[in-house]
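**Student:** Got a structure for you, written out below as structure tokens; questions coming shortly.
Readers should treat all values here as calculations from the given coordinates under stated rules, not as data from a laboratory. Keep in mind the model is a prediction, meaning the values are calculated, not measured. Please note: Cβ atoms are built from the backbone with ideal geometry, for glycine as well, and neighbour counts cover all protein chains shown.
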Amino acid sequence: MGAAKVRDLFRQANEKAPCIIFIDEIDAIGKRCDTGIGGNDEREQTLNQLLTEMDGFDGRKGVVILAATNRPESLDKALLRPGRFDRRIQMELPDLEGRKAIINVHLKKVKCDKIDMDVVARATAGSSGAELANIVNEAALRAVRMERNKVTTSDLEESVETVIAGAQKKGKVISDEEKKIVSYHEIGHALVAALQSHSAPVHKITIVPRTSGALGYTMQVDKGEQVLMSREDLFNRIATLTGGRAAEEVILGRVTTGASNDIEQATRLARAMVTRYGMSEKYDMMGLETVNNAYLGGDSSLTCSSETAADIDREMLKMIGDAHQKARKLIADHLDIMHEAAAYLLDKETITGEEFMAIVRKYQS
């Protein structure tokens, strides 16, 4: 039935011309054909019929075809030739100005007070248009729950955290000892970030549990849009990720399961530095990994021998170990800041980056 539906679609389009045909998720019918001879499945027939209909386009007919896909690498080569689709437009994640414009579009639907758009746009780096719409919706819901008839900047900031880490679980019972561990863990992240150059400023620290399972988190927000990252930037980011575990080791003398997400992120970052970014002295600019499905999470696969793969693990271990050692030293050298900031966080549960930096400057002046 697929080929018949395509014929019927183009017949109706020609009757209604000028007309636009929009095919969403075109990879469902436009995947590369099998190389085997005599392939006769319905998807191949549908694709062949689509190619046939698009092959004889007359500029005077007034039929325009638009199509969308998240997997352009899987499309059949015949579908990508000039004359079928003449222009390819890549929709990347919005930049700082793009996020401001998208948020403004969605804010038109809700009543809002004066919004600090710069703060919200910087806090949503890496968000898609759909996520930004969800953030505005969450902000509107929060304003209603707080019995206000206008959305404020604080509503949007909280909704960013809700989308990223889940809603607050203030009713979750955590022992005083565990709260103390979480406080030192989060201050460890914040202190390592604050004492390093080439590191995003600390925006907020909280030990309020979230529905995602996080018992607390440290939020960093760049001052502007950062497109290029240096080796030092990435290494410092790994050191910041190890700061929580380092604080537990230095101050409490034991480690907990709270660093599981930090470990995952640090490992992924170190692997990318070695295999994709050419930031390893041993492998120089040799590509050791390829990224598949760049628009669907970006799964990666190694393109090297098993011996090299084992060596990559050793390079990663050294990189993470050096960053961890740096974090431990920074924390051990600034224990007075750690104790005061952790006690302050334990009392307030949530503190801003300005409050934290005031404590840091008090001891560094």
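**Student:** What ratio of Cα Rg to 2.2 N^0.38 Å holds for segment 56-134?
**Tutor:** Dividing the Cα Rg of segment 56-134 by 2.2 N^0.38 Å gives 1.60.
**Student:** What is the angle, in °, between the Cα long axis of helix 2-16 and the longest principal axis of the Cα atoms in the chain? Nearest 10 is fine, range 0 to 90.
**Tutor:** Helix 2-16 sits roughly 80 degrees off the main axis of the chain.
**Student:** For segment 176-364, what Kirkwood radius comes out of the mean inverse Cα-Cα distance, in Å?
**Tutor:** 17.5
**Student:** For a footprinting-style exposure proxy, rank Ile263, Ile337 by other Cβ within 10 Å, fewest first.
**Tutor:** By the 10 Å Cβ count, ascending: Ile263, Ile337.
**Student:** I'd like the orientation of helix 306-332 relative to the chain: the angle between its Cα long axis and the longest Cα principal axis, in ° from 0 to 90, rounded to 10.
**Tutor:** The angle comes out at about 40 degrees.
**Student:** Compute the signed sum of charges (Lys and Arg +1, Asp and Glu -1) over the other residues within less than 14 Å, Cβ to Cβ, of Val163.
**Tutor:** Local net charge: -3.
**Student:** Still on this structure, I have one more. What value, in deg cm²/dmol to 500, does the helix sum -39500 (n - 2.57) over DSSP H runs of n ≥ 4 give at 222 nm once divided by the residues of the chain?
**Tutor:** Theoretical 222 nm ellipticity from helices: -17000 deg cm²/dmol.
**Student:** Charges at C-beta only: +1 for Lys and Arg, -1 for Asp and Glu. How large is the resulting dipole of segment 96-165 about its Cα centre, in Debye rounded to 20?
**Tutor:** Here segment 96-165 has a charge dipole of around 320 debye.
**Student:** What does the C-alpha gyration tensor say about the overall shape of segment 2-80? Classify as rounded when a/c is under 1.5, otherwise prolate if a/b is larger than b/c, or oblate.
**Tutor:** prolate
**Student:** Moving to a separate point now. Quick one: the Cα spread of segment 96-165 along its three principal axes, in angstroms, biggest first?
**Tutor:** Here the spans come out as 31, 24, 18 Å, largest first.
**Student:** Moving to a separate point now. Once you have the Cα-Cα distance between Glu177 and Gln12, take 0.36 nm times their residue separation minus that, and quote the gain in nm to one decimal.
**Tutor:** 52.4 nm
**Student:** For the chain, what does the convex hull of the Cα positions come to per residue, in cubic angstrom?
**Tutor:** In the chain, the Cα hull volume divided by residue count equals 206 Å³.
**Student:** Using a simple charge model, +1 on the beta-carbon of Lys and Arg, -1 on the beta-carbon of Asp and Glu, nothing else, what dipole does segment 158-204 show about its Cα centre, in debye to the nearest 20?
**Tutor:** Around 100 debye, computed over segment 158-204.
**Student:** Using a basic spin-label model with each label point 7 Å from the Cα along Cα→Cβ, how many nm lie between Tyr363 and Ser154?
**Tutor:** For the pair Tyr363/Ser154, the computed spacing is 2.9 nm.
**Student:** Next question, about the same structure. Going by average Cβ neighbours within 10 Å, how do the peptides 310-321, 117-128 rank, with the highest at the top?
**Tutor:** In descending order of packing, they fall as 117-128, 310-321.
**Student:** Can I get the semi-axes of segment 139-178's equivalent ellipsoid? Compute them from the C-alpha gyration tensor as square roots of 5 times the eigenvalues, in angstrom, largest first.
**Tutor:** 25, 12, 8
**Student:** Would you mind giving the average projected area, over all directions, of the Cα convex hull of segment 132-223 in nm² with one decimal?
**Tutor:** Quarter of the Cα hull surface area: 6.9 nm².
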